[in-house]
1. For segment 155-230, give the percent of accessible area contributed by carbon and sulfur heavy atoms, probe 1.4 Å, rounded to a whole number.
2. Just to check I understand the Karplus step: with θ = phi - 60° and J = 6.51 cos²θ - 1.76 cosθ + 1.60, what whole-Hz values come out for segment 96-106, glycine and proline as x?
3. How high is the relative contact order of segment 1-154, in percent, with contacts defined as C-alpha pairs under 8 Å that are six or more residues apart?
4. Give me, ordered by chain and number, the residues 5 or more places off Val159 or on other chains with an amide H under 5 Å from its own placed amide H.
5. Please list, ordered by chain and number, the residues whose modelled amide H lies under 5 Å from the amide H of Gly150; skip anything fewer than 5 residues away on the same chain.
6. Just how far, in whole angstrom, is segment 1-69 from segment 156-194 if you go by their alpha carbon centroids?
7. Could you list, in their original order, any pairs among Lys41/Lys199; Lys127/Lys164; Lys41/Lys281 whose Cα atoms are separated by more than 23 Å?
8. Enter the angle in degrees (range 0 to 90, nearest 10) between the Cα long axis of helix 10-21 and the first principal axis of the Cα atoms of the chain, meaning the one along which they spread out most.
Amino acid sequence: MRVLICGGGVVGASIAYFLSCRGIKATIIERTGLACAASGKAGGFLALDWCDGTALEGLARRSFLLHARLARELGGDWDYRRLTTYGGSAGLGRRAGAWRTHWVSPHVSLDRRLGSIETTAQVHPAKFTMAMMQAAQARGAELRFGQVTGILLRGGGAVARGVKVDGETIEGDAVVIAMGPWSILAAEWLPLPDVYGLKGHSLVFETGIQTAQALFLECREPGGVEAPELFARPDGTTYVCGISDHSPLPFDPGEVSPDPDAIRRLKKMCAALSPVLATAKLVARQACYRPITRDGLPLIGQVPGVMRAYTATGHSVWGILNAPATGEAMAELISDGAAQTVDLSAFDPGRFPPSGRRTNRRD
Ligand SMILES: Cc1cc2nc3c(=O)[nH]c(=O)nc-3n(C[C@H](O)[C@H](O)[C@H](O)COP(=O)(O)OP(=O)(O)OC[C@H]3O[C@@H](n4cnc5c(N)ncnc54)[C@H](O)[C@@H]3O)c2cc1C
């Protein structure tokens, strides 16, 4: 069996890995570069129980466990470690918090402990995605570069049998759409609901901070309250993200670029929050789009009405966390016809009417 996976982000790479573990040949087709989009530019923060009480609870809990297991069993290094996580604020007039950390200004009040080393962790998302791809390749998976431009359908449009890549057709036994926010393109090829992209900005500083801490802050900005997230990483860098906007998603993932004004505001915010960030060397200024759906839940499962066509996208702010359990469940679904480890019913791509963009119904 050969499964064609469109998109080399963390979700595509995780599906390839878990398929390969079952002896199924996976081919990832990636347009621009492995982990070139949100999967390379995310924070990489993981939480065991932050999705509790929502439809994501089972997926998130399973995935938190799988992250720990993969870090133990695969032997690669993608900076997995457990963290202590605090919440707090600056300039909002709240009273001083009970916690302190040496790398933020005294006026930042850390008033909540949001997670412990039992419940929160981190990975370097680009290194994790690449490690999953390498582990899949070591088990027989293949990575090809090219732009997927359509799906090969047989049986009057009822069965997916391949993909069109740069004018060539690649045949396979199943097709998975895992192109993050660019999965919206697949709504022209298959009866799928739309997926949207929400742009976020981030900075990476060389700080030398080794403390295993994540901070979720709120701070006063001229235009309102912003919520930057700060993650110290084991490689001595510190990642900060914040400032989302609704700029349209470029058709080409290689054309995503940060907005200079958003970067300037984020830098200013960082300098006000931390004397260490104020003077540290800036090693990356970046932007990426997280994939979102109308109800905020991912689309994971079979494409309605088209046999052997699947999708896994729309993971929003939890794609790095939830990629392993998504990959595992998708491998079960594709090879056995049903997922056992996670209940995917809330993520059924058939829960919305399709977008109506579809143009190539048959081939
Ligand atoms: C600022 C920010 C911070 C975040 N922080 C966290 C975090 O701390 N923890 C967490 O769990 N999640 C986080 N997320 C969310 C997470 O990054 C995403 O949910 C996740 O990366 C989505 O992965 P993906 O594989 O679905 O999509 P993507 O990473 O977008 O990958 C899609 C891939 O498809 C490729 N592609 C596109 N079109 C085509 C085509 N036509 N043919 C072939 N390939 C194509 C693209 O080049 C790309 O490589 C964050 C997101 C943002 C924006």
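The values are calculated or read from the model by the stated rules, or taken from the named source; none is laboratory data. These figures come from a predicted structure and were not determined experimentally. Note that we place each Cβ from the backbone using ideal geometry, even for glycine, and neighbour counts take in every protein chain shown. These accessible areas exclude ligands, DNA and RNA; they are computed on the full protein's heavy atoms, side chains included. Shrake-Rupley method; radii C 1.70, N 1.55, O 1.52, S 1.80 Å.
1. Heavy-atom surface of segment 155-230 belonging to carbon and sulfur, 1.4 Å probe: 48 percent.
2. 4, x, 7, 10, 9, 9, 5, 9, 10, 5, x
3. The value is 36 percent.
4. Arg154, Met307
5. For Gly150, whose amide H was placed from the backbone, the distant partners under 5 Å are Lys164.
6. Answer, in whole Å: 19.
7. Listed pairs above 23 Å: Lys127/Lys164.
8. Helix 10-21 sits roughly 60 degrees off the main axis of the chain.
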